[in-house]
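Engineer: I'd like to ask some things about the structure below.
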Amino acid sequence: MMRPVLFILFFCSSAMAADSTRTLKPDAASFEAMGRGLLWSVNYDRTLIDSMAVGLGFGTVGTKTATGGDGGTMAYLLPLYYNYYFMLTQGSIYATAGVDFVINSGSVKNLGAATGNVDFPSYPVMPVFGAGYENRSASGFMFRFALYGIWGDGLDPWGGFSFGYCF
């Protein structure tokens, strides 16, 4: 019983202790399930310095009415974000802030995202903030998970998981 716990502790501590790969492989292309795109998004980010990165993406999500019925359209989102990394290692906790631009905001106002409780505002910008963990391996593979707050017609908690490749 103790061996699996020791293995997990060793794996996590060795991944966090490895040198940072953000400056060696500053570009990342990733797919995020849930997250900033509400259902899915593809993202690109660039490390500016070892502790900061900026990124953009594109995602879509179906819509629903206030009563839960089909909204009849998709929402198209353009996430723009900034990440600040607290550790200069391969694995790091990070804080993130940005906005989701709702490209077709006129078509989806008064509707909600089909996944979750996020309601689209009448204006095209939804602020997003959160915190998460990222690991960029020396071979270039990257994964992240994050918890977000998304401000549509109100503040809604959200989460996401990303995987991708750094180069």
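Engineer: For the charge dipole of the stretch 21-166, defined by +1 on Lys and Arg C-beta atoms and -1 on Asp and Glu C-beta atoms about the Cα centroid, which residue among T21, L39, G132 has the Cα displaced farthest towards the positive pole?
Structural biologist: Final value for the positive-end residue is T21.
Engineer: Next question, about the same structure. Against the longest alpha carbon principal axis of the chain, how many degrees, from 0 to 90 and to the nearest 10, is the axis of helix 2-17 turned?
Structural biologist: 80
Engineer: For the chain, what does the helix formula give at 222 nm: sum of -39500 (n - 2.57) over DSSP H segments with n ≥ 4, over the residue count, nearest 500 deg cm²/dmol?
Structural biologist: For the chain, the value works out to -3500 deg cm²/dmol.
Engineer: Something else about it: What net charge do the residues around L48 carry, taking every other residue with its C-beta under 13 Å from that of L48, with Lys and Arg at +1 and Asp and Glu at -1?
Structural biologist: Here the charged neighbours net out to -1.
Engineer: I would also like to ask the following. Rounded, prolate or oblate: which fits the chain when a ≥ b ≥ c are the square roots of the eigenvalues of the alpha-carbon gyration tensor, with rounded for a/c under 1.5 and prolate only if a/b beats b/c?
Structural biologist: prolate
Engineer: What's the FRET efficiency of A97 with T67 using the Cβ-Cβ distance as r and R₀ = 30 Å, to the nearest 0.05?
Structural biologist: For R0 = 30 Å, the calculated efficiency reads 0.35.
Every read-out reported here was derived from the displayed coordinates using simple, explicitly stated rules and does not represent laboratory data. Just so it is clear, the structure is predicted and the values come from calculations on it, not from any experiment. Virtual Cβ from ideal backbone geometry, glycine too; neighbours counted across all protein chains shown.
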